[in-house]
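Below is one structure, written out as C-alpha cells; the observations come after it.
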Amino acid sequence: MWIQPEEVLLAGALWVSERANPFFILQRRRGHGRGGGLSGLLVGTLDVVLDSSARVAPYRILLQTADSQIYWNIACGSSRKEITEHWDWLESNLLQTISIFDNDEDVTTFVKGKICGIIAEENRLKPSNEQEEDSGKFREAELKMRRLFGMPDEEKLVNYYSCSYWKGRVPRQGWLYLSVNHLCFYSFLLGKEVTLVVQWTEVTQLEKNATLLFPESIRVSTRHTEHFFSMFLNINDTFKLMEQLANIAMRQLLDNEAFAADRSLPKPCKTLKNVSVLKRDLDARAKNERYRAMFRLTQDERLDGHTDCTLWTPFAKMHVVGQLFISNNYICFNSKEEDLCQLIIPLREVSIVEKADSSSVLPCPVSISTKNKMTFLFANLKDRDFLVQRISDFLQRTPDSSWGDTSPLSLIGQSVRQSQLRLRYHSGLPTASQGLLQLYHQDALEDLGPKAMKEKMKEEAWNIHFSEFGRGVCMYRTSRTRELVLNGIPERLRGELWLLFSGAQNEMASHPGYYGDLVEQAMGLCSLATEEIERDLHRSMPEHRAFQNEMGIAALRRVLTAYAHRNPGIGYCQAMNIVTSVLLLYCTEEEAFWLLVALCERMLPDYYNTRVVGALVDQGVFEELTRAFLPLLYEHMQELGVISTISLSWFLTLFLSVMPFDSAVLLVDCFFYEGIKVTFQVALAVLHDNMDALLACSDEGEAMTILGRYLDNVVNKQTVAPPIPHLHALLTSGDEPPPEIDVFDLIKSSYEKFGSLRSDVIEQMRFKQRLKVIQSLEDTAKRSVVRAMMTESAFSIEELEELYCLFKSKHMTSCYWGSTSSAAERHDPSLPYLEQYRIDPVQFAQLFSALAPWTCGGHTSTLSARLFRLLDQNQDVLVNFKEFITGLSGMYHGDMTEKLKLLYKLHLPPALCPEEAESALEAAHFFTEDEPRDFSCLTSVFKAETTCDSASLSEVKDYKYYLRMWAKEKEPKRETIKDLPRMNQEQFIELCKTLYNMFSEEPLEQQLYHSIATVASLLLRIGEVGKKFNNGGKKTDIAAQAPPINPQGEEGPGEGLSGESQVCQALADAQLEPAAPQTPDDETKDDTSVSSYSVVSSGSLQCEDIADDTVLIGGGEQRRGSVLDVDWSITFEQVLASMLTEPPLVDYFEKKRDIQAKMAACKAQRAVERQTSSTSDHELTQHST
C-alpha cells in the first residue's frame, strides 16, 4: 500500500535490493523469502522481539536521488504481488516524467506530493464508514496480523502488545495481537516459529495473577487448555482490553449481536501513533458504561468529557471537590469522597448557564440555574470557556420538554401525573393516576396509632430533607439521603423516590406518551409472551386485595404486555409478574412500566431473558462472596448444593417471593438507591445469622427449611398497612413459630458486616462469572443437541460434539465476517437447541467441501447446493444442525441403498433446480398424469407422507378413531424405494455427470470409470425398453387426451441415441474438468487422455453395438439445450439393480468412511500451518472461514 513518505537513513541495513532504477529501489527484508541463512534468522528474530522502527511489511519501495544520502519510503507490501503492482505503476506513470527534472529536490517534492495525493484520493473514494484514521504504523501491524494468521479484511485489529508467551517452561518473546474476534500471538526466534489463535468465544476464564513461576501474568483459559502471557509494558491496559473483547464475544453467544463500531466518535485532533480507531471506540464505551452506571442513566447516554472542579453545597456551606461530567443530556457531579455528594442535572431542566465573576476564593466559577429555581455553583474549572460552550451546544440540541416546567418538581406526584393522563391511553383508568395501594387505602379511616405517627414522622423527615437538599431529579444526594432510605421510605413517597433513584424518572420524561402508544400497539396481539403473561396474572400476589379483582389484574396485564412488545428479546420471564405487581402498588401504570424498564435493562441486566443468565451470573458472584466472607459455611453449603438453589429465587424477585411483603419492600427501597450490592449484603447477612444451624445440617432439604423459616419471620414492625398473609410462612410455620427478626436490624447488620462491598468489585466479579455461565450454558446446549441426535444418526458422541462445534463456529463466523443474511435473524433462542443455529448456502458449501466424503472436484459446489435445497424443508434458505447431520449421516453411515437413494434424490426436484434441469417441470407433469402417488415425493423428499382415505372422511367416526388417525399422522412414515419418483433423461444425465466426477481422486479410478460407463449404457437401454412398454399401453389415451409430447412419429433407429449422446457428452465434459489442458493432436488421445477403454463416437453405433469397455463421446450435433426424450424414464430400483452388477461401484459405496480426519482438517483450517519467514516468499492465501 502507499504510505506517507518517511525518511530512511540506511537503505541497505537489514534489507536486500531486488530491483532498481535511477529513482526507485524495491527491497525485500532479510530473512523473508527463500534462503537468508544465519543473517535472515537474526533479522527475523530482531523484527519480532524488538519491532524496530523499520516497516513491518516484508517489501518496500524507496525513492532515491543521485546527490542525496537520504531515502524516502513511499510504499510497502505484505506480498510480492502487491509491491510489484506499485512498482509497475511507478515505472509506467512517474519514471518518464521525473527523468526530465533538473533538480533532485524537485524530483523528491513532486514524487512525495504525488504519493500524498494518491493516498488522499483513496480515502476520499472510500465510504465514510470505511475511511481509515489509523496511523500508517498501525495499519501495517494490521496487515502483518492478517498475513501471519490468515485473517480476512473484515477482521479488525484493536491493539498489539509486546509480551512473552509461556510454551511449557520456556518464555517465547513475541507480539500479542488483540482483534475484535481473536487473540493471536506470534513469535519467531532463531528459526523457530510459534503461532497461536484463540477465538474470544472460546475463552472460559481470563485472570490476571502473579505467581513465582509466572510473575504478573495473564492467564487465558479455554475448555481444553490454558495460555500464559507475561512481560507486558502495561499489563493493566492489556487486561482491560482483553476483558472488553471477551465481553463482546459473550454478548455474541448470548444474543448474537455482532460488534458494531461507533461511527459517531469525535475525531482526534491528530492521528495517535499506535492507537486504533477501534481502541478509542472501546475506551469510550468503557467510560460511557462507568458513567451511566454511576448516575443510573439510559443506555444511549454518551459521555462527552469530564473535568476536576468544586461544587458549592449550600446545605454544608462548603466547597466539595469532585469531578464534573458532561454528556448529551446531562450535567453530573460526583465527589471524590464517596457518598459526600452526587448531583444529576438534566439539560431539559436547565434555564441559564453563565460564567460568574472570578476571585481568589472562587476561581473560574460557572453558575447553572434550573427551571425550578435551583442554582448550582461550580468553580476551579480549568477550561471554563470551552466548558460553557459545550454545554450551550448541547442545550441548543435539547428539545423543549412537554412536562410541567413551570411547576416545581415538588409537585411531581400531582400536576405532572395529571398532565400525563391526557396523553395516549385511557385517562379514565384509576391506575393511570394512582398506585393501587392509594386506591385501596383512600377509603380507610385515618389511623392515629403509634405506627401511623412513626410514618408521619418519616414523611416529615423527608420533607425537611427536600427543603434543604432539593426535590426531584436535581436533588443533592448525600450520606444523609442514604440514612433516610435505610430507615424506610414512607408509602406516600415510595413511588416518586423509586423513580428518582433508579433513573426511570429521566427516561419517562424524555419519552412522553411512549407507554400509551405501546399499550395501544400491544393490545389484541397474541404471542408466546402474552400466553405466559395470562397464565401468571392470577399468581401475582394473590394474597393482596389489589390483585383480587380485575382492576389490578388489568393494569398488570397492560404493563407486562407493553414491555413484552417493547423488548421482544426478553418478552416475558417468570418473576417479572411478582416484581411488576409490587411496582403497581406504589406507582401509576406508566411509572411502573419505566421502573420495569430500568430493572430489566440496566439494574438487573440479563436477569429476565430466556436463560436467566444475569441471575446465574450473580449466583456465581454470591458463591464467590460466600467463600470470601464465610469460608467454613461455604465449604459445607457446597457439599449440600444449597447456594445455587436458594440464591436464584432471592435475586430474581428481590426477596419479594421469600419474605413477607412489608419487609421485602424495604429491601426494594435500598435496592433502588444502592443497586445490587444491597441484595448481596442482605443474602450474606441471612447466611451469617443462620451459620450455626446450617453447619449442623446433614442434607439440602434441612438447610432449605431453616432458611425458609428464617425469611418467613423477617417482619416490619413499623408498617401501617394491614398485614398481608405470607402464604409460604403459613405453610412452613410448624408447631413452634421461630423468633421474629426485625427487617431494620437485618439491613443494619448487613451494612455493618458486609458494607465494604463495592459496586466496581462486583462488576469485576460479574465479568469473571459471565464467562463461566455463558460457556456452561453453551456446553449444556451442546450436550442436549448430541443427546437428541444420538438416536437419529450413526455418529458417535465425540463426532457429534465436534460437528456441533464446527457448525456453530461457522454460524458465529458469519456474525463478524459477513454473510448473505443477518446472523441475528438466523439465531432464535426460543427455538429448541437443535434449531437455534442455522447456516446459509455459502457456509453450508464450505462445510460440505470440508467434511463430505463425496469429493467431486469442480462439481462439488453444485452437489452442495443441491443437498442444501434437499435439506431445507421449510424453504427459508437456512439449514439447522439437525438437517445438516441428517444429510451428512446418510453419506457416511448409510448402506449402499441409502447412499444411492440420497444421490438419486439429489438429482430430482427440489434438489435439482429448474436452471440445472430444464425439462424437470415437464417430467413432473408427466409423472403426475401417470402416477399421482409420486407427486408428494417430488415436492418434499424428506417429509413423511400422510395419506388419508377420502371415503372414510364422509363416515361418522368416534373420537378414538380420530385420535388414532392423528397419532398415525404424527408418526413419520418410513420412506421406501418404491416411494421415489421416476427419473427423466436430463436428470439421469446430471446423475451420470455427478458419478463421473466423484471418482476422480479414487485409487481405483479407471475401474470405476469403466463401471459407471457400463451402468450408464445399461440404464439407457432399460429406459428405452420402458418407453416402448409405456407407449404401447398408453398410445390411445395419450392421443385422445393431449397432443403428443414427442412430435416424432415412430421411433427411428437413431432416436434412441439421443439420450446416449447426451449422457456421453456429459461424461466427456465431466472428465475434462479436472484434467490438465490437452493438445488437440491425435497423438495425445492415448490410453491416459480419457480412460483406459475405447473412445468412439456415439453417432456411429447402435446401443447393441456398444461394448462393455467403451465410453461414448456424443456427436457434435447434440448439445446441452437440445430437446430430450420426455417419454424416457427409469426408477430407483433399476438404478440400484444396475449398480449392484458392478463390484467396483458396490465396493465404493459400501466402503466405510472415517470423518475424524476430515474434521481434524476442518479444525486446522483456521489454525493452518503458517509459513515461516524463510518460506513466505509466495503470497499467503487468506482464509475466510
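The values are calculated or read from the model by the stated rules, or taken from the named source; none is laboratory data. Source: prediction; values computed, not measured. Cβ sites come from the backbone with ideal geometry, for glycine too, and all protein chains shown count toward neighbours. For accessibility, only protein heavy atoms count, side chains too; no ligands or nucleic acids. Shrake-Rupley method; radii C 1.70, N 1.55, O 1.52, S 1.80 Å.
Fully extending the segment from residue 534 to residue 109, taken as 0.36 nm per residue of separation minus the present Cα-Cα distance, adds 145.3 nm. Between residue 511 and residue 304, the simple label model (points 7 Å from Cα in the Cβ direction) yields a spacing of 2.4 nm. A straight chain from residue 1029 to residue 162 at 0.36 nm per residue would run longer than the Cα-Cα distance by 304.1 nm.
Net length available on complete extension from residue 649 to residue 976 is 112.5 nm, with 0.36 nm assigned per residue and the Cα-Cα distance removed. Using the 1.4 Å probe convention, the accessible area of segment 511-610 works out to 34 Å² per residue with neighbouring protein chains retained.
Listed cross-link partners 144/208; 978/1027; 144/810; 899/1158; 901/1152 are compared with a 21 Å cut-off, the Cα-Cα value being larger for 144/208; 144/810. Loop-located trypsin sites (Lys or Arg not before Pro) in segment 130-199 (DSSP state other than H, G, I, E, B) with a sparse environment of at most 12 neighbouring Cβ atoms within 10 Å: 169. Once you reduce segment 161-219 and segment 633-711 to the center of their Cα atoms, the two points are 41 Å from each other. Centre-to-centre, using Cα atoms only, segment 370-387 and segment 448-519 are separated by 26 Å. Computed over protein heavy atoms with a 1.4 Å probe, the carbon and sulfur contribution to the accessible area of segment 613-757 reaches 55%. With a Förster radius of 51 Å applied to the beta-carbon distance between residue 357 and residue 742, the computed FRET efficiency rounds to 0.40. The alpha carbons of segment 511-610 occupy a box of 31, 26, 26 Å along the principal axes, longest dimension given first. If you bin all the Cα-Cα distances of segment 299-354 at 5 Å, starting from zero, the percentages per bin are 4, 18, 25, 27, 18, 7, 1, 0.
State in Å² the accessible area per residue of segment 613-757; use a 1.4 Å probe, count heavy atoms of protein chains only, and round to the nearest integer.
39
Atom-type composition of the exposed protein surface of segment 511-610 places 52 percent of the accessible area on carbon and sulfur (1.4 angstrom probe).
Within the accessible surface of segment 300-397, defined with a 1.4 Å probe on protein heavy atoms only, the carbon and sulfur portion equals 49 percent.
Taking label points 7 Å from Cα along the Cα-to-Cβ direction, residue 199 and residue 464 give a separation of 6.3 nm.
Here's how it looks for residue 158: its modeled amide H is under 5 Å from those of 178, 179, 180, which are all 5 or more places away or on a different chain. Quick one: grab the alpha carbon gyration tensor of segment 162-228, order the square roots of its eigenvalues as a ≥ b ≥ c, and give me rounded if a/c is under 1.5, else prolate or oblate depending on whether a/b is larger than b/c. It is oblate, given that a/c is not under 1.5 and a/b is not larger than b/c. For segment 273-383, the square roots of the Cα gyration tensor eigenvalues, ordered a ≥ b ≥ c, give a/c of at least 1.5 with a/b greater than b/c, which places it in the prolate category.
Taking the inverse of the mean reciprocal distance over all distinct Cα pairs, the Kirkwood hydrodynamic radius of segment 620-668 comes to 11.7 Å.
Using a cut-off of 13 Å between beta-carbons, work out the net charge of the residues near residue 665 (Lys and Arg +1, Asp and Glu -1, residue 665 not included).
-2
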